[in-house]
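Let me begin by presenting the structure, written as C-alpha cells, before commenting on it.
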Amino acid sequence: MSDLHRPNTHRLYRDRENAMIAGVCAGLAYYFGLNRKGLRLITFLFALPFLPFVVVSYIILTIVLPVKPEAPKQDEVKEEFWRNVSNAPSDVFGNVRHRFRELDMRLQRMEAFITSKEFEIDRELGRTKLGNSGKQA
C-alpha cells in the first residue's frame with residue numbers, strides 16, 4: 001500500500017480487534033491515548049445515572065464511526081510519534097505564531113542593544129565584535 005492511500009492514523013475509528021461490544025470505547029481509548037479498561041469503567045459509571053444518554057450515544061457512535069481498517073503494523077516508535085502529532089490547523093498556526101513571536105522578541109532585543117548608548121561606547125572603545133569574522137567594528 002503506498003503512502004498516498006494509507007489510512008489516516010490520527011482519525012477516530014471503532015476498534016473491532018479490541019472490542020467488547022462494538023469497539024467504540026476501544027477506538028476512543030486509542031484515539032485519546034487512554035487505557036481501554038479505564039475508559040470502559042468510566043463509561044459504565046456514567047451509565048448508572050445517565051443510562052439513556054450513554055446507551056443512545058453508544059449506539060450513535062457505533063453507527064457513525066467507521067471500523068478501523070486493517071493496516072500494516074508500524075513499529076511502536078512511529079505509531080507513538082504519529083499519535084502525538086496534531087493535524088489541527090489551530091495547533092499548527094498557534095505553534096507558528098509562537099515561533100514568530102519569539103523571533104520578533106529576539107529581534108527587538110538586538111535592535112535595542114544596537115541603538116543603545118552602551119553599544120556606541122563599546123564600539124568606540126573597540127570592544128564590540130560584529131559577525132563571525134572577528135573584525136573590529
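The values are calculated or read from the model by the stated rules, or taken from the named source; none is laboratory data. If you're wondering where the values come from, they're calculated on a predicted model, not measured in any experiment. Positions of Cβ are generated from backbone atoms using ideal geometry, with glycine treated the same way; all protein chains shown enter the neighbour counts.
Only one of (1) in contact with a Ser or Thr (Cβ under 7 Å, 6 or more places away or on another chain); (2) at pLDDT below 70; (3) closer than 30 Å to GLY33 by Cα fails for ALA137. Which number is that?
(3)
Go through (1) loosely packed, with under 10 Cβ neighbours inside 10 Å; (2) modelled with pLDDT under 90 and name the single condition PHE81 misses.
Going through (1) loosely packed, with under 10 Cβ neighbours inside 10 Å; (2) modelled with pLDDT under 90 one by one, PHE81 breaks only (1).
Tell me, please, whether a residue that is assigned to a helix (DSSP H, G or I), modelled with pLDDT of 90 or more, surrounded by 11 or more Cβ atoms within 10 Å (Cβ to Cβ) and not hydrophobic (A, V, I, L, M, F, W, C) can be found in region 91-110.
The answer is no; no qualifying residue exists.
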